[in-house]
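Peer 1: Take a look at the following structure, please.
The values are calculated or read from the model by the stated rules, or taken from the named source; none is laboratory data. Keep in mind the model is a prediction, meaning the values are calculated, not measured. FYI the Cβ positions are ideal-geometry reconstructions off the backbone, even for glycines, and counts take in every protein chain you see.
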Amino acid sequence: MGLIVQKFGGTSVADAERIMAAAQRVVKTYQAGNKVVVVVSARGQTTDELIDLAYEVSDNPSTRELDMLLSTGEQVSIALVAMAIHALGYPAISFTGGQVGIITDSYHTKARIKNISTRRITEELNKGTIVIVAGFQGVDADYNITTLGRGGSDTTAVALAAIMKAERCDIFTDVNGIYTADPRLVPEARKLSRISYDEILELASMGAQVMQSRSIEFAKKYDVPIHVRSSFSDTEGTLICKEGKEMEDIVVSGVTVTKDEAKITIRGIPDRPGQAAIIFHELAKKNVNVDMIIQNTSANNLADVTFTVSKKDAKEALKTAEKIKEEIGAREVNSDSKIAKLSVVGIGMRGHCGVAEKMFSALAEEKINIQMISTSEIKISCVIDESHAERALRVVHHAFQLDKIPSANLVTHH
Ligand code: ADP
Ligand code: ASP
Ligand code: MG
C-alpha cells in the first residue's frame, strides 16, 4: 500500500464547501488503497487577518506570540477537514505540528524543521486512519510553538513526504500548476508539464509564491516527486522532478518578479581587507538574510557596497548598517524599498548564450533602468524600480516567447 501526502492551500479550504471538496479528494485517494497524510493551511486569508490583528494591538509584536497566534489558523482547518472526512464515513484524526513531533529551531516566524518523529503518524496510518496534519507549524526544543515562514505548509507537506518515504506529494492550490510566470500577472503565461527541482527552487526563491522554496530543498534532497495542481478541477498539473536531458532544450522556463526586497547602500567605505567580512558578519549576527551584493571598484580608496534584504528585515538591516558605518568609518548609508527584482530561470541557460543580452535589451527597449544584476548558472536577476515591476515581467516573458512555447515541448517523458 502506497503512501501519498496531499496538501491543501488556503483557498482550497476557504469555506465549508471547499473543505467538503477537499475531503472528497482525500477519500478518493484513500479508497484507491493508499495511506493518506493530509496537510492543510489556514482558511482563506486567515493568516493575513491574524497578522493585521497583531499589529493593531502592538507595533512590535513578540515573534513568539505571533507564532502562537498564527498557528491557530491551521488548527481550525485540520479539525474541520477531519470532521468532513468523518461525515463521509471514513476514519480521520487531526494533529498539530507539535503533536506529530515536528521539531524546529527557535527562530520564530521563520523556523526550520530539524526533526520529525513519525511514530504517531505511522501508528494511525497502520490502523487505517487518514492523518490530517496542521501545516506551517512545529515546536522548538522547549515546546514553544513556531511557524515556518509564509507558505510554510508546502514545507510541512514535502518534509512529511520525504521522511515517510511517500510515493508522491500532491499540492492542491488555486491555479492549474506551475506556469511560465504568475498567471495573475501575465495572462498569456503557459502551464509547464514538468519542471526540475533546480528551476522551481530558483523561481520560488526569486518570488514565485506558488511553492515555498524551503519545500523544494527537501524535495530535491530526498527525491520527492511533487504534483502541483488545482483543487478546483481534475486537470493534470505540473510535475516537479529531477531534470531530464530533454529539459535543457528549453532555455528559459519561467520569469518571476518580487517586491519583497529593499536595497541598502553603504557609501565611502575605506578600501581595505576585511570590511565586507565585518558588514556581513554583523548582518548575519542579527539573522538578516542578504540576497544580492555588489561592490563597485573603489575610487580614491573608497568603495560602495549595495545589498538587498527582505523588506521584513529592512529596518533591522538599516540599523545594523548605520552601526557598521560608524565602526568602519564609512561616509553614509542609503536605503530604497521601492525596488523590484525580476528574474529569468532555466536549466537550458547553461548551454546557451545570449540570455542576459535578450533580457537587458527587452528592458532597454521599454526604457526600464537596471540598478543591480546578479546571475547563477541557471538564473539572471535584475533590480529595477518597483513601479515597472509588472510591465517588465510581461515584456521579458514576451521576449523569450514563453507565451508561444508549444506544449509538446514541455512534456518530457522518460
Ligand atoms: P496556496 O494557498 O494554495 O498555498 P499560494 O497563494 O501560496 O496558494 O500559491 C498559489 C499562487 O501562486 C497562485 O494563485 C499564483 O498567483 C501564484 N504564482 C506565482 N508565480 C506562479 C507561477 N509561476 N505559476 C503558478 N502560480 C504562480
Ligand atoms: N497559512 C500560512 C500562510 O498563509 C502557511 C501556508 O499557507 O502555507 O503563509
Ligand atoms: Mg502557498
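Peer 1: Starting from the range 211-234, take each residue that is without any contact (Cβ under 8 Å) to a residue 12 or more places away in the chain and closer than 15 Å to K165 by Cα and list its partners that are away from ligand 3 (no atom under 13 Å from the Cβ) and not hydrophobic (A, V, I, L, M, F, W, C), counting only C-beta distances under 9 angstrom and pairs at least six apart or across chains.
Peer 2: none
Peer 1: Which of the residues that make up the range 52-76 are touching a helix residue (DSSP H, G or I) at 6+ places or on another chain (Cβ under 6 Å) and of a type in the set (V, I, T)?
Peer 2: Matches in the range 52-76: none.
Peer 1: List every residue pair whose Cβ atoms sit under 9 Å apart, with the two residues 6 or more apart in sequence or on different chains, where the first one lies in the range 12-29 and is farther than 21 Å from Q45 by Cβ and the second, anywhere, is outside any helix (DSSP H, G or I) and among the aromatic types (F, W, Y).
Peer 2: Within 9 Å, the pairs are A23/Y90; R25/F8; R25/F172; V26/F8; V26/Y90; V27/Y90.
Peer 1: Determine which member of the set E365, E327 is under 21 Å from L185 (Cβ atoms), surrounded by fewer than 16 Cβ atoms within 10 Å (Cβ to Cβ) and of a type outside the set (K, R).
Peer 2: Values: E327 fails: under 21 Å from L185 (Cβ atoms).
The unique qualifying residue is E365.
Peer 1: Return yes or no: is D67 of a type outside the set (S, T, N, Q) and more than 16 Å from ligand 2 (Cβ to nearest atom)?
Peer 2: no
Peer 1: Hey, D48 hits all of (1) out of contact with any strand residue (DSSP E or B) (no Cβ under 7 Å at 6 or more places or on another chain); (2) closer than 23 Å to T155 by Cα; (3) free of Cβ contacts under 8 Å to residues at least 24 places away in the same chain; (4) more than 16 Å from ligand 3 (Cβ to nearest atom) but one; which does it fall short on?
Peer 2: Just one mismatch for D48, condition (4).
Peer 1: What are the residues in the range 123-140 that are within 23 Å of L69 (Cβ to Cβ), away from ligand 1 (no atom under 16 Å from the Cβ) and part of a loop (DSSP other than H, G, I, E, B), if any?
Peer 2: D140
Peer 1: Let me ask something additional. In a loop (DSSP other than H, G, I, E, B) and of a type in the set (D, E, K, R): does that describe K325? Even if it seems obvious, please write down each step before you answer.
Peer 2: Working: in a loop (DSSP other than H, G, I, E, B): no; of a type in the set (D, E, K, R): yes.
No.
Peer 1: Here's another thing I want to ask about it. Anything in the range 278-322 that is part of a strand (DSSP E or B) and more than 29 Å from the chain's Cα centre (by Cα)? List them, or say none.
Peer 2: Of the residues in the range 278-322, the ones part of a strand (DSSP E or B) are 290-295, 299, 302-310.
Hits for the range 278-322 are A299, L302, A303, D304.
Peer 1: So which residues in the range 157-171 are of a type in the set (V, I, T) and within 11 Å of ligand 3 (Cβ to nearest atom)? Let's see the steps before the verdict.
Peer 2: First pass over the range 157-171, keeping only residues of a type in the set (V, I, T): 158, 163, 171.
The answer is I171, and nothing else.
Peer 1: Of all residues in the range 172-206, which are within 14 Å of ligand 3 (Cβ to nearest atom) and either free of Cβ contacts under 8 Å to residues at least 60 places away in the same chain or among the aromatic types (F, W, Y) (or both)?
Peer 2: F172, V175, R184, I200, A204
Peer 1: Right, something else. Can you tell me which residues in the range 119-155 are of a type in the set (D, E, K, R) and more than 9 Å from ligand 2 (Cβ to nearest atom)?
Peer 2: Here is the first cut: in the range 119-155, the residues of a type in the set (D, E, K, R) are 119-120, 123-124, 127, 140, 142, 150, 154.
Across the range 119-155, the qualifying residues are R119, R120, E123, E124, K127, D140, D142.
Condition check ((1) closer than 30 Å to A23 by Cβ; (2) modelled with pLDDT of 95 or more) across all residues:
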residue	(1), (2)
T173	yes, yes
N176	yes, yes
T180	no, yes
P187	no, yes
I200	yes, yes
A204	yes, yes
G207	no, no
I216	yes, yes
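Peer 1: Please find, among G2, G33, G97, G44, the residue that is within 16 Å of ligand 2 (Cβ to nearest atom) and closer than 26 Å to G177 by Cβ.
Peer 2: Values: G2 fails: within 16 Å of ligand 2 (Cβ to nearest atom); G33 fails: within 16 Å of ligand 2 (Cβ to nearest atom); G97 fails: closer than 26 Å to G177 by Cβ.
One residue alone meets the criteria, G44.
Peer 1: Could you tell me how many of the residues in the range 371-403 are surrounded by 16 or more Cβ atoms within 10 Å (Cβ to Cβ) and either part of a loop (DSSP other than H, G, I, E, B) or of a type in the set (V, I, T) (or both)?
Peer 2: 9
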